[in-house]
Amino acid sequence: MAETSKMIPLGTIAPTFKLLDTVSGKDMQLTDLASDKATVITFICNHCPYVKHIQARLVEIARTYQAKGVSFIAISSNDPVGYPQDGPDMMRKESELHGYTFPYLFDADQSVARAYQAACTPEMYVFDSKLHCVYRGRFDDSNPTNGLPCTGKDLTQALDDVLAGKAVSGEQVPSIGCGIKWR
């Protein structure tokens, strides 16, 4: 059953974290990964059809905006005992298979998902240079069943506004996707 994001209040300061990057095998902290322009944090996982639907476009957008100085961070918080396809080894393989150009972090105790009030995958957050939340919600209006093209327009509009020094519209739509698999 699909779940929608809870939409943390705009202006919320990004909760800090130190998590395992499944690709490098190193612990990474938000403070080391954040950009002085904008930082995108997305909660994803390997098996969710909503994530699969946006995956290729997310990678393209990440490449485009990383070239503009935006940092991208992906986090999986799913329980790997109940969902072994979402464990660290499979996350590394998924990252390599799809050419992720961003760290794919494992939230082993699910504390980071709780701190961000993440509820589903995919769920997008954009933070400004001071790590204040300026956008949270959906990637775009497409999903695996509605036939709309996957563009990433909601995310890219927020990023374009931040990079242009403009306020991001407060009219934001919750993400919808697979619920995070809690322990």
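Here, each number is a calculation from the coordinates, and none is a lab measurement. Source: prediction; values computed, not measured. Here the Cβ positions follow ideal geometry from the backbone for every residue, glycine too, while neighbour counts run over all protein chains shown.
Give the residue that is surrounded by the fewest Cβ atoms within 10 Å (Cβ to Cβ), with candidates limited to residues of the range 115-134 that are assigned to a strand (DSSP E or B) and among the charged types (D, E, K, R). Don't jump to the end; show me each part of the working.
Filtering the range 115-134 down to residues assigned to a strand (DSSP E or B) leaves 120-121, 123-128, 132-134.
Applying the additional criterion that residues be among the charged types (D, E, K, R) yields 123, 128.
Details: Glu123: 31, Asp128: 19.
Once the filter is applied, the top-ranked residue is Asp128.
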For the range 63-94: of the residues being surrounded by 21 or more Cβ atoms within 10 Å (Cβ to Cβ) and among the hydroxyl-bearing types (Ser, Thr, Tyr), which is nearest to Leu30 (Cα to Cα)? Ser71
If I filter the range 129-145 for residues that are touching a Cys at 6+ places or on another chain (Cβ under 9 Å), closer than 21 Å to Pro49 by Cβ and of a type in the set (Gly, Ala, Ser), do I get at least one hit? yes
Quick one: count up the residues across the range 114-142 that are among the hydroxyl-bearing types (Ser, Thr, Tyr), farther than 13 Å from Thr156 by Cα and touching a Lys or Arg at 6+ places or on another chain (Cβ under 7 Å). 1
Tally up the residues in the range 104-129 that are among the charged types (D, E, K, R) and in contact (Cβ under 8 Å) with a residue 40 or more places away in the chain, please. 3
Number of the exception - Ser24 against (1) farther than 18 Å from Asp140 by Cα; (2) small (Gly, Ala, Ser); (3) buried (at least 16 other Cβ atoms within 10 Å of the Cβ): (3)
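Scan the range 23-58 residue by residue and report those that are assigned to a loop (DSSP other than H, G, I, E, B), touching a residue at least 24 places away in the same chain (Cβ under 8 Å) and more than 27 Å from Ser129 (Cβ to Cβ).
Looking only at the range 23-58, we keep the residues that are assigned to a loop (DSSP other than H, G, I, E, B), and these are 23-26, 34-37, 44-48.
If we keep only those that are touching a residue at least 24 places away in the same chain (Cβ under 8 Å) as well, we get 23-24, 34-37, 44-48.
Within the range 23-58, Cys45, Asn46, His47, Cys48 qualify.
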Please go through the range 59-70 and pick out each residue that is among the aliphatic types (A, V, I, L, M), over 18 Å from Ser95 (Cβ atoms) and touching a residue at least 24 places away in the same chain (Cβ under 8 Å). Val70
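For the range 11-56, which residues satisfy the criterion of being among the polar types (S, T, N, Q) and either more than 22 Å from Trp182 (Cα to Cα) or touching a Pro at 6+ places or on another chain (Cβ under 6 Å) (or both)? Outline the logic, then answer.
First, pick out the residues of the range 11-56 that are among the polar types (S, T, N, Q): 12, 16, 22, 24, 29, 31, 35, 39, 42, 46, 55.
Thr12, Thr22, Ser24, Gln29, Thr31, Ser35, Thr39, Thr42, Gln55, listed by residue number.
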